[in-house]
């Protein structure tokens, strides 16, 4: 970890500046020497807003917080608390002594998909685990509609990453359990962000009550037997209401191409408008579509972990709403 932190600090400074490790203080923070200045750096395991608040309270304030990647909300919260921050994308903002740094992140190159990386199916299986489906091939297959081989590969992947714990020998009913639900959720949400997805068409809506407006549109899609489910702010308004406005509003529709998404908009009587308030997207996987359910009268939603991940990608207000959703769902599961 010391080497990793030194490399992270070095990466955001001019090449001529000498950086070295100088030990650990009584609080467990890492001490890094930058020329003649000593920085006290506190590593945080995840760059989320919720964990940042927790780690800020762990002893005296550090000079700098560091993570693999800090969300925009976490960056702002650190700044508001008077603490500098660095993440391993190359973004940083801190002022300590005579050292002043302000950098944006460097573009992260896309990585090829492989069996060792998250896939759409693995994300779907993880959604099922996070909503409480037992971690066996049989029960997950029944809940998600995925084949035994698909479920098995997903469970093996999650087990190898330490996100599941094996409890029994091999077999369709072999026992596994989620090691740490919070860690699984964060790993899943990070993977959703990293994999990304194509933006869909935007449509114009004049809704005073978004949930009522969506339910009317959803009724038209239901009549055409077109599956749909809300996410983001629309779902959160039903699952964990919060007095804040989060945009854009997003709905997933069972349409595999931009042309079919446009046709779905036409079916609902919606006009495509660049910059419209409502965005239509294709479901990220058949599993997510299958796990979607009615969460209030005439309102369908994707599983709450997907809502959480989608909210996190909509800026500071979105991440605050995501953290609120997470707290509400955690309380309901107790």
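A compact table of results
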| read-out | value |
| --- | --- |
| Test: residue in the stretch 62-75 that is more than 17 Å from the chain's Cα centre (by Cα) and over 19 Å from residue 34 (Cα atoms) | no |
| Considering residues of the stretch 50-76 that are out of contact with any strand residue (DSSP E or B) (no Cβ under 9 Å at 6 or more places or on another chain) and touching a residue at least 12 places away in the same chain (Cβ under 8 Å) only, the residue surrounded by the fewest Cβ atoms within 10 Å (Cβ to Cβ) | 53 |
| Qualifying residue in the stretch 3-19 (condition: in a strand (DSSP E or B), touching a strand residue (DSSP E or B) at 6+ places or on another chain (Cβ under 8 Å) and surrounded by 13 or more Cβ atoms within 10 Å (Cβ to Cβ)) | yes |
| Residues of the stretch 177-214 that turn out to be touching a residue at least 12 places away in the same chain (Cβ under 8 Å), in a helix (DSSP H, G or I) and under 19 Å from residue 272 (Cα atoms), as a count | 2 |
| Test for residue 231: is it within 21 Å of residue 131 (Cβ to Cβ), touching a residue at least 12 places away in the same chain (Cβ under 8 Å) and surrounded by 14 or more Cβ atoms within 10 Å (Cβ to Cβ) | yes |
| Residue within the stretch 217-226 that is surrounded by fewer than 17 Cβ atoms within 10 Å (Cβ to Cβ) and touching a strand residue (DSSP E or B) at 6+ places or on another chain (Cβ under 9 Å) present | yes |
| Test for residue 226: is it at pLDDT 90 or above, outside any helix (DSSP H, G or I) and over 22 Å from residue 329 (Cβ atoms) | yes |
| Filter result for residue 111 (over 24 Å from residue 307 (Cβ atoms) and either buried (at least 17 other Cβ atoms within 10 Å of the Cβ) or modelled with pLDDT of 95 or more (or both)) | no |
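This table checks each residue for (1) at pLDDT 85 or above; (2) under 20 Å from the mean Cα position of the chain (by Cα); (3) not assigned by TED's automatic domain parsing to the domain that holds residue 303.
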site: 32; (1), (2), (3): yes, no, yes
site: 40; (1), (2), (3): yes, no, yes
site: 88; (1), (2), (3): yes, yes, yes
site: 115; (1), (2), (3): no, no, yes
site: 135; (1), (2), (3): yes, no, yes
site: 143; (1), (2), (3): yes, no, yes
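The values are calculated or read from the model by the stated rules, or taken from the named source; none is laboratory data. Note that the coordinates shown come from a computational prediction; the quantities given were computed from them, not determined experimentally. For neighbour counting, all protein chains shown are included, and Cβ atoms are generated from backbone atoms with ideal geometry for every residue, glycine included.
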